[in-house]
Amino acid sequence: MEDGQIDTPAVPTEPRPIWPPLPKRSTEAEILATSDPTVAQNGVSVVLPKAPETVQEIGLSPSFLLEHVIKVIHYAETPTAEHVARVVGLPTRHIVELLDALKSDRMCEIIGGSTYDLSSTYRFRLTEKGKARAEEALAHCRYAGAAPVTIEQYERVITGMGVSRRPTLEAINEALSSLILDETAATFLARAFHSGRSTMVFGPSGNGKTHVITEFIRRLGGEVLVPYAIYAYGQLIRIYDPLNHTQIRDEAGLREEVGQGFKRTVARDDLVDRRWVKIKRPGLIVGGELTAESLELGYDPLTHFYQAPKHLKAQGGFLVVDDFGRQKVSPTELLNRWIMAMERGRDNLLLRTGESIDVPFHITLLLSTNLNPADLADAAFLRRIPYKAYIPPTSPDQFGRILRKVCDESGLRYTEESLEAAVTAIDLASNHGLSGSLARDLASILVDNAEMEGRAPELSPTEVTMAYKQFSGFAQQTTEPATAKKSPRGVPTRDN
């Protein structure tokens, strides 16, 4: 949903802000030193964990790993050991051990290889016994991607990152400069965003709440680690989501592999645990589609594994709830589900088999609404959202600057006199209910009208008043009462 205004730097307006703006400082001053290579420096960078040294260090049972490899071979048909290793995300030497075990049990067989380095180019195929085992494994769970990490490994890595969710001042200033905002509102927003803590942004519709939050999320810096999947109590939960996560690839590592030719070296991928993915700090946005069910683990009865809820996918980052209060689940239920988890720093998820898992909850909530916060929850809930930032209605002066920018972008001809007259006309027609988004809406209608009439679009009080009537629906309404007539008996009647 676009609740935004125009990409124009904010210009100070009266009244002056109640609190002074935050001082600007360099990114380096915000970065905290750390001796742990897996810990992010204020969310700037993270390092993938080391690859498990032995099969036992993977943390998964041998039977699970064998079934998982069988499923991968089933889908790939005749893969090499290195292909299986890339899919499963484990070092090739461990995959070779598992394939040897499958060969010993006559689950798979070698069907060929090249004349160079047969150990790395052998191709494997399931036997009839292996195909039967694969069908059994797929009936239990159809997941056949990167091997999952255990819940203990997930806890250790996520807690070990220990990243601050404070964004950089540069990201905040860039997001705020994309709008023409009241300076006091911009100051409070900047302080709320920089805190890295839960914030409610509220105010009348159409004044930039969604736009400024979206711009802020788009500029989030830093990196976090997420696993492809988690394994707990025999159940699998998929975490990594390419639709919501942006993977960061190691370009330096890719360059090192170029030009190696036939030189046999230890694969770089075998040095790190590729069951984890390095991603940009997540910033997920949900709206009216949010339901009570989507707050919990989502089990798919066809694939027989779980999808993580949105807030778990936002681990280490921000979760934005747009149009808060208009979801199918009540605001109180939403807050009750998340606020206590944020206070504890942990969340409890229930599996359909009855077991529950306790996972870290390192997430910042951003709530955007055009409703009164007092109507959404009581004081006990609202005090758990420490920051509230009000975006006021657009003033005529702000609206004029927004309209000027829109006209320049849309090719609308105008003079300063016509612009001032148009702002006055719109302010009166809207009964002083100006909003930033109204300028863009009216400009698009003015352009449409001009194209229909075969003339150049221009801004004038007459044209903009007509555009407002089209936008609001007032053009369909009669402005003057119908003329009354007298019946032969002297009783007033109205025309039909």
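The values are calculated or read from the model by the stated rules, or taken from the named source; none is laboratory data. Worth saying up front: this structure is predicted, and the values here are computed from it rather than measured. Backbone-built Cβ (ideal geometry, glycine too); neighbour counts: all protein chains shown. Accessible surface areas use protein heavy atoms only, side chains included; no ligands, DNA or RNA. Shrake-Rupley method; radii C 1.70, N 1.55, O 1.52, S 1.80 Å.
Given charges of +1 on the Cβ of Lys and Arg and -1 on the Cβ of Asp and Glu, with all other atoms neutral, how large is the dipole of segment 68-219 about its Cα centre, in debye to the nearest 20? Don't jump to the answer; show the numbers that get you there.
Working: 19 positive and 17 negative charges, 34 e Å.
With only Lys, Arg, Asp and Glu charged at Cβ, the dipole is about 160 debye.
Modelled spin-label separation between T462 and K131, with each label point placed 7 Å from Cα along the Cα-to-Cβ direction: 8.1 nm. Which percent of the accessible area of segment 90-217 is formed by carbon and sulfur heavy atoms (probe 1.4 angstrom)? About 52 percent, which is the carbon plus sulfur part of the accessible surface.
Please state, rounded to one decimal and in Å, the Kirkwood hydrodynamic radius that segment 178-221 gives when every pair of distinct Cα atoms enters the mean of 1/r.
Values: mean 1/r = 0.0902 Å⁻¹.
Kirkwood hydrodynamic radius for segment 178-221: 11.1 Å.
In this rough spin-label picture, where each label sits 7 Å from Cα along the Cβ direction, the R191-V47 distance is 3.9 nm. Between R413 and D270, the distance separating the two model label sites (each 7 Å from Cα on the Cα→Cβ line) works out to 7.3 nm.
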